[in-house]
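Q: Once you've had a glance at the structure underneath, I'll fire off some questions.
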Amino acid sequence: MRKIIHIDMDAFFASVEQRDNPQWKNKPVVVGGDPRGRGVVAAASYEARIYGVHSAMPSSHASRLCPDLIFVRPRFEAYKKESEIIRAIFSEYTDLIEPLSLDEAYLDVTENKKENPSATLIAREIKDKIHSNTGLTASAGISYNKFLAKIASDVQKPNGITLIEPEKALSFIAGLPIGSFYGVGKATEKKMHQLGIKNGADLRNWSEFDLMKEFGKAGSFYYHIARGMDDRPVKTERIAKSIGKEKTFQTDIDSVEWLMEYVDTLSHQVAERLQKEKTEAKTVTLKIRYDNFEVNTRSKSPGHPISTQHDIASLAKLLLLETEAGKRNVRLIGVTVSGFNREVGDSSGGQLMLPFFDS
Ligand SMILES: [Mg+2]
């Protein structure tokens, strides 16, 4: 069984502003657009939430709910900086990190760098480190899948930590309002209510077939999460712009034939990575370093997608013939592909807040 932690910073943007502007501590603060314009609330401090202010609400509405509300323009650079500090803490424990936004991430700690068998203790340590390094608080949810971990982090917000054990999962889900289920937005919630599905227990009374008739493919997902089943992996975010392999030689190479063989080997390795990422490239680049450390880089974009070893190697060999390899001693050879039809390993995360703001 997996051990998944969901970490969610508490009122992140607003908390950063309150930390950096102590005069706003314990006051209702909103980060977002101008209340006199068409701005929207991006984050609300807990003091503001007492008035019913919440994110995605028009700023003008928020200022009517709470006339003393302090409006702050967002400082994304500041939030990004904190986010990087937090992610560095995560990576002390695992490389299986899936960021959902600047302030939220899933961690798979089933196997972790500290060899700590307790996900709860890891979550506690992470929360403590976040607080001592940033002065900010986070809430943590722990369970055996992403669905339950995310729900758990919400249970004792702010500054909470909640574990949903496997044997408690079903009773927990049964009492959960349907609107709190992952993937159930306002429209789906309304439809669920019309069908008499108010909570997890109601949902579990439905067959997979009937749910799929109503909700399509999502129906199958609802059927499984109602039973605490969610096998979605924690997907790491690797936004690579290129995939490359290179080889440094112990002795100088003056044979083009020999270099061609290395091109084949390197192309094979690059093609394997490319296929693993299920993407195609536009450009092949060959890099040669001569024995005097001079570097020669040449690229070709053939105008059709590049994906196989043959595609890569044949282009790289043409490029090799354009260099002075054979005439001069070569110390290093590298093959790189770039220009992917999508970003490699691009995860579905990254919900940017930008659309919330007035332009
Ligand atoms: Mg948050």
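Q: Can you name the helices (runs of 4 or more DSSP H) wholly within segment 45-127 that have at least 3 residues being among the small types (G, A, S) and under 21 Å from the mean Cα position of the chain (by Cα)?
A: On the way: elements: 46-49, 59-65, 76-90.
In segment 45-127, 76-90 are the helices (runs of 4 or more DSSP H) which contain 3 or more residues that are among the small types (G, A, S) and under 21 Å from the mean Cα position of the chain (by Cα).
Q: Here is a list: K317, K245, K300, K287. Which entry is in contact with an Asp or Glu (Cβ under 7 Å, 6 or more places away or on another chain) and at pLDDT 90 or above?
A: Details: K317 fails: in contact with an Asp or Glu (Cβ under 7 Å, 6 or more places away or on another chain); K245 fails: in contact with an Asp or Glu (Cβ under 7 Å, 6 or more places away or on another chain); K300 fails: in contact with an Asp or Glu (Cβ under 7 Å, 6 or more places away or on another chain).
Just one listed residue meets the conditions, K287.
Q: Please determine whether any residue of segment 100-108 is more than 16 Å from the ligand (Cβ to nearest atom) and more than 13 Å from H6 (Cβ to Cβ).
A: In the first step, residues of segment 100-108 are kept if they are more than 16 Å from the ligand (Cβ to nearest atom); the result is 108.
Next, only the ones that are more than 13 Å from H6 (Cβ to Cβ) stay: none.
For segment 100-108, residues more than 16 Å from the ligand (Cβ to nearest atom) and more than 13 Å from H6 (Cβ to Cβ): absent.
Q: Which of the residues spanning segment 1-41 are in a helix (DSSP H, G or I) and within 30 Å of N145 (Cα to Cα)? Reasoning before the result, please.
A: Here is the first cut: in segment 1-41, the ones in a helix (DSSP H, G or I) are 12-20, 22-24.
Result: F12, F13, A14, S15, V16.
Q: Of all residues in segment 113-134 being within 16 Å of the ligand (Cβ to nearest atom) and not basic (K, R), which is surrounded by the most Cβ atoms within 10 Å (Cβ to Cβ)? Please lay out each step first, then the result.
A: The initial filter retains those residues of segment 113-134 that are within 16 Å of the ligand (Cβ to nearest atom), namely 123, 126-127, 130-131, 134.
Subset that is not basic (K, R): 123, 126, 130-131, 134.
Working: A123: 28, I126: 22, I130: 21, H131: 13, T134: 19.
Checking each candidate, the answer is A123.
Q: When you check V344 against the structure, is it loosely packed, with under 15 Cβ neighbours inside 10 Å, in contact with a strand residue (DSSP E or B) (Cβ under 6 Å, 6 or more places away or on another chain) and modelled with pLDDT under 90, yes or no?
A: Judged against the criteria, V344 is not a match.
Q: Filter segment 199-223 for residues that are surrounded by 15 or more Cβ atoms within 10 Å (Cβ to Cβ), more than 21 Å from the chain's Cα centre (by Cα) and not acidic (D, E) and give the result.
A: Selection gives N199, G200, A201, L203, R204, W206, L211, M212, F215, G219, Y222, Y223.
Q: I want to confirm something. Restricting to segment 136-167 and keeping residues that are more than 16 Å from the ligand (Cβ to nearest atom) and outside any helix (DSSP H, G or I), which single residue is nearest to the chain's Cα centre (by Cα)?
A: It comes out as N145.
Q: A further question on this structure: Does P35 fit the bill of being at pLDDT 95 or above, on the phi < 0 side of the Ramachandran plot and not assigned by TED's automatic domain parsing to the domain that holds N145?
A: Values: at pLDDT 95 or above: no; on the phi < 0 side of the Ramachandran plot: yes; not assigned by TED's automatic domain parsing to the domain that holds N145: yes.
Spelling it out, it is not the case that P35 is at pLDDT 95 or above, on the phi < 0 side of the Ramachandran plot and not assigned by TED's automatic domain parsing to the domain that holds N145.
Q: If Q18 satisfies every condition in (1) of a type outside the set (D, E, K, R); (2) in contact (Cβ under 8 Å) with a residue 60 or more places away in the chain; (3) in contact with a Lys or Arg (Cβ under 6 Å, 6 or more places away or on another chain); (4) within 16 Å of the ligand (Cβ to nearest atom) but one, which is the exception?
A: For Q18, the failing item is (2).
Q: Sticking with this structure for a sec: Within segment 222-264, which residues are farther than 30 Å from E111 by Cα and touching a strand residue (DSSP E or B) at 6+ places or on another chain (Cβ under 8 Å)? Working first, answer last.
A: Pass one, segment 222-264, residues farther than 30 Å from E111 by Cα: 246-264.
Matches in segment 222-264: E246, K247, T248, F249, D252, I253, D254, V256, L259, Y262, V263.
Q: Here's something else I'd like to know. In segment 1-15, how many are without any contact (Cβ under 8 Å) to a residue 60 or more places away in the chain and loosely packed, with under 15 Cβ neighbours inside 10 Å?
A: First pass over segment 1-15, keeping only residues without any contact (Cβ under 8 Å) to a residue 60 or more places away in the chain: 14.
Of the ones still in play, those that are also loosely packed, with under 15 Cβ neighbours inside 10 Å are none.
Adding up the residues that qualify gives 0.
Q: Let me ask something else. If I filter segment 260-271 for residues that are in a strand (DSSP E or B), in the same structural domain as S314 (by TED's automatic domain parsing) and over 30 Å from P99 (Cα atoms), do I get at least one hit?
A: Step one: of segment 260-271, the residues in a strand (DSSP E or B) are none.
No: segment 260-271 contains no residue that is in a strand (DSSP E or B), in the same structural domain as S314 (by TED's automatic domain parsing) and over 30 Å from P99 (Cα atoms).
Q: Shifting gears a bit: So which of I89, I70 ends up being surrounded by fewer than 21 Cβ atoms within 10 Å (Cβ to Cβ), assigned by TED's automatic domain parsing to the domain that holds E165, touching a helix residue (DSSP H, G or I) at 6+ places or on another chain (Cβ under 8 Å) and aliphatic (A, V, I, L, M)? Show your work before the answer.
A: Values: I70 fails: assigned by TED's automatic domain parsing to the domain that holds E165.
None of the other options fit; the residue is I89.
The values are calculated or read from the model by the stated rules, or taken from the named source; none is laboratory data. Given the structure is predicted, the values throughout are model-derived calculations rather than measurements. Virtual Cβ from ideal backbone geometry, glycine too; neighbours counted across all protein chains shown.
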